[in-house]
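Trainee: Quick one: the structure is below, and I'll ask about it shortly.
Every read-out reported here was derived from the displayed coordinates using simple, explicitly stated rules and does not represent laboratory data. Just so you know, these numbers come straight off a predicted model, no measurement behind them. Neighbour counts are summed over all protein chains in view; Cβ atoms, including those assigned to glycine, are modelled from backbone coordinates with ideal geometry.
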Amino acid sequence: MKKLSVLLVDDEIMIREGFKRLFDWESHGCEVVGEAADGMEALGKIDSLHPDIVIMDINIPIMNGLKVIQTARIKHPGTAFVIVSGYDDFSYCQQALRLQITDYILKPVNYEEFGVCIDNLKISLFQQRTAAAPEPEQQEERAIANITQYLQAHLSEEISLSILSEEFHLSAQYISQLFKNEIGVNFLAYLTNIRMEKAKKLLLSTSLPIAEVAEQSGYGDYRVFTKVFKKSEGITPSQYRRDFLEVPGMRK
């Protein structure tokens, strides 16, 4: 998978420098292609650079970050936005959720957690582009596309590299390397990510008990599911359902 391009938007130059110097973009398959210090400059850079990811503060001059995202979405629906803000305010989270941002991270940034966010973003962008692209021609691309489609269709079942090896007549080592080469993350990280996405959809769109959500997401033991979910999202499945169903427009 090619490197993902990143635009940094913050009115504080030290924050932008911190992102460039303190986070290892190279090891996460990304490169910073531009910077902006205010909302209007950010819109111009998004138009000219077409970044895959925009790391955006909310409180920036001329046009705030949420308005930038709302405007940019019209022309650049495939761009992923990550809010990085000093405001621990649920009303901001509500607005960001309605704009379908990828993540909302508080300052000061924990770069280890930020790395997990970027890796999850890579998975999400890969899924979107695989679904939208014509059938790939190269053998490796065909293989990874077929495997990821299989995973989506069998999430509620037991899945492992050995099971995939038998299903696709490929070595487990080869499949593991495919995930690193084509997506940029390891197999387990990918599987956990899509299981969490399935769980979140079920939590918000159904009234299924947590144990049933766990089972449909591939976790036979709901206690294991709860532990993995909390590690991934920072809150329990029950809290996730309760918090986000309170957001206007999210009630069933």
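Trainee: Students often get this wrong, so check it: of 45/67; 180/230; 75/201; 67/107; 198/227, which have C-alpha atoms separated by over 23 Å?
Mentor: Numbers: 45/67 15 Å; 180/230 25 Å; 75/201 26 Å; 67/107 20 Å; 198/227 16 Å.
Distance filter (> 23 Å) returns 180/230; 75/201.
Trainee: With a point put 7 Å past each Cα toward its Cβ, work out how far residue 162 is from residue 40 in nm, to one decimal.
Mentor: For the pair residue 162/residue 40, the computed spacing is 6.3 nm.
Trainee: Would you mind checking the tilt of helix 111-132 against the longest principal axis of the Cα atoms of the chain, expressed as 0 to 90 degrees and rounded to 10?
Mentor: 70
Trainee: Using only helices, what value at 222 nm comes out for the chain when you add -39,500 (n - 2.57) per DSSP H run of length 4 or more and divide by the total residues, to the nearest 500 deg cm²/dmol?
Mentor: On the way: 12 runs with 139 residues, N = 252.
Calculated mean residue ellipticity at 222 nm is -17000 deg cm²/dmol.
Trainee: About the Cα centre of the chain, what is the dipole size in debye to 20, counting +1 per Lys and Arg Cβ and -1 per Asp and Glu Cβ, all else neutral? Walk me through the intermediate numbers first.
Mentor: Working: 27 positive and 35 negative charges, 134 e Å.
Here the chain has a charge dipole of around 640 debye.
Trainee: Say each of residue 70 and residue 212 gets a label point 7 Å from the Cα, pointing the same way as Cα to Cβ; how far apart are those two points in nm?
Mentor: 3.7
Trainee: What distance in nm separates the two pseudo spin-label positions at residue 27 and residue 235, each 7 Å out from Cα along the beta-carbon direction?
Mentor: Rounded to a tenth, the inter-label distance reads 3.1 nm.
Trainee: Still on this structure, please answer the following. Contour minus end-to-end for residue 224 and residue 180, with contour as 0.36 nm per residue of separation and end-to-end as the Cα-Cα distance?
Mentor: Details: separation 44, 0.36 × 44 = 15.84 nm, distance 2.57 nm.
Taking 0.36 nm per residue and subtracting the Cα distance, the gain is 13.3 nm.
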